[in-house]
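This report refers to the structure that appears directly beneath it.
The values are calculated or read from the model by the stated rules, or taken from the named source; none is laboratory data. Every value quoted in this text rests on a predicted model; they were computed, and no experiment measured them. With ideal geometry, Cβ positions are generated from the backbone for all residues, glycine too; neighbour counts draw on all protein chains shown. What goes into the accessible areas is simple: the full protein's heavy atoms, side chains included, and nothing from ligands, DNA or RNA. Shrake-Rupley method; radii C 1.70, N 1.55, O 1.52, S 1.80 Å.
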Amino acid sequence: MKKEDPRITRTKEIIHQAFITTLEKQDYDDITVQDILDNAKINRSTFYKHYLNKDHLATDIIEKLKNQSLIPLLEERFSTPTLEFATKAAPIINTLRHTLQTLWKIDTHRISLKRQIQEEVKKKYIDVISTRKSLNDIDAEFQGKLFATLSIAMMEHVVMSDNPVDPMVIQTNLQEVLSYFSLE
């Protein structure tokens, strides 16, 4: 695989940071390419050498975050005991919190970090559970959606909170909620 020119990498990092800074101050729909250019202190042609528009830029940033941090965590989720996984994930989420909080604000028809992660979690759950149990497709789909919905709700709570992640507190809260679903 061909390595990207360091100047291109640096330019993209400047554009990414300018976008995040802009998104901290403005709603996604209100951001213009000019706003990003002003924060990045670059000209329009430099931006368009790398990105078609702000949607392309937002998608690139989200994909980079997912591929470098979130998907690798998800890959470990089902092969690691829950508490061990939560203990490993907590510092990563704490480090990424500000970026996640900012990107979480983007929720358009085509771009949504939250929806994308939820879909990835659901797919991974269905893949894993289908190798362990004999479920019909409807049950696997339902369980996948349920697991992903709970996972995203917990992740959103953790990400949007200003407090560091405490896996034991999360587990206690989850157990309390799930106790209301018991048919005993």
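The residue list Thr59, Thr9, Ile31 was ranked by how far each Cα lies along the charge dipole of the stretch 1-95 toward its positive end, using unit charges on Cβ atoms, and Thr9 comes out on top. Let a ≥ b ≥ c be the square roots of the eigenvalues of the Cα gyration tensor of the stretch 95-168; is it rounded (a/c under 1.5), or, if not, prolate (a/b larger than b/c) or oblate? In terms of gyration-tensor shape, oblate. Taking each DSSP H run with n ≥ 4 as -39500 (n - 2.57) and averaging over every residue of the chain yields -24000 deg cm²/dmol at 222 nm.
Normalised by the number of residues in the stretch 37-124, what is the relative contact order in percent for Cα pairs under 8 Å and 6+ residues apart?
So the answer I get is 27 percent.
Summarising the label geometry, the points placed 7 Å from Cα in the beta-carbon direction at Thr21 and Asn53 lie 2.5 nm from one another. Scalar couplings 3J(HN,Hα) for the stretch 134-150, obtained by applying the Karplus form with A = 6.51, B = -1.76, C = 1.60 to θ = phi - 60°, are 9, 10, 6, 4, 5, 5, 4, 5, 4, 5, x, 5, 4, 4, 5, 5, 5 Hz; x denotes Gly and Pro. Our note on the geometry: Cα centres of the stretch 3-39 and the stretch 43-65, 8 Å apart. Shape class for the chain: prolate, because the ratio a/c of the largest to smallest gyration tensor axis (alpha-carbon atoms, square roots of eigenvalues) is 1.5 or more and a/b beats b/c. For the stretch 111-164, the list of trypsin sites (Lys or Arg not before Pro) that fall in a loop by DSSP and count at most 14 other C-beta atoms within 10 angstrom reads Lys133. Based on Cα contacts under 8 Å between residues 6+ apart, the chain shows a relative contact order of 20 percent.
How much of the accessible area of the chain, in percent, comes from carbon and sulfur atoms when a 1.4 Å probe is used? Working shown, then result.
Numbers: 6500 of 11870 Å².
Taking all protein chains in place, the chain shows 55 percent carbon and sulfur surface.
Can you list which of the trypsin sites (Lys or Arg not before Pro) found in the stretch 32-109 are DSSP loop residues with at most 16 other C-beta atoms within 10 Å?
Lys41, Lys105
The string of couplings for the stretch 88-105 from the Karplus curve (6.51, -1.76, 1.60, θ = phi - 60°) is 6, 6, 3, x, 5, 5, 4, 5, 8, 3, 4, 5, 4, 4, 5, 5, 4, 5 Hz, one whole number per residue in order, with x for Gly and Pro.
Between the helical axis of 6-25 and the longest alpha-carbon principal axis of the chain there is an angle of about 70 degrees.
Rounded to the nearest 10 degrees, what's the angle between the helix 54-65 long axis and the longest principal axis of the chain, both from Cα atoms, 0 to 90? So the inclination is approximately 50 degrees.
Of the GluC sites (Glu not before Pro) found in the stretch 1-38, those that fall in a DSSP loop while having at most 12 other beta-carbon atoms within 10 Å are Glu4. A Cβ-based charge dipole, computed about the Cα centre of the chain with Lys and Arg at +1 and Asp and Glu at -1, lands at about 780 debye.
I'd like the distance between the alpha-carbon centres of the stretch 76-125 and the stretch 127-184, rounded to an integer number of Å. Rounded to whole Å, the Cα centres lie 13 Å apart.
Here the label points at Gln34 and Ile138, each 7 Å from Cα along the C-beta direction, are separated by 5.6 nm in the simple model. Solvent exposure of the chain amounts to 65 Å² per residue of accessible area, where only protein heavy atoms count and the probe is 1.4 Å.
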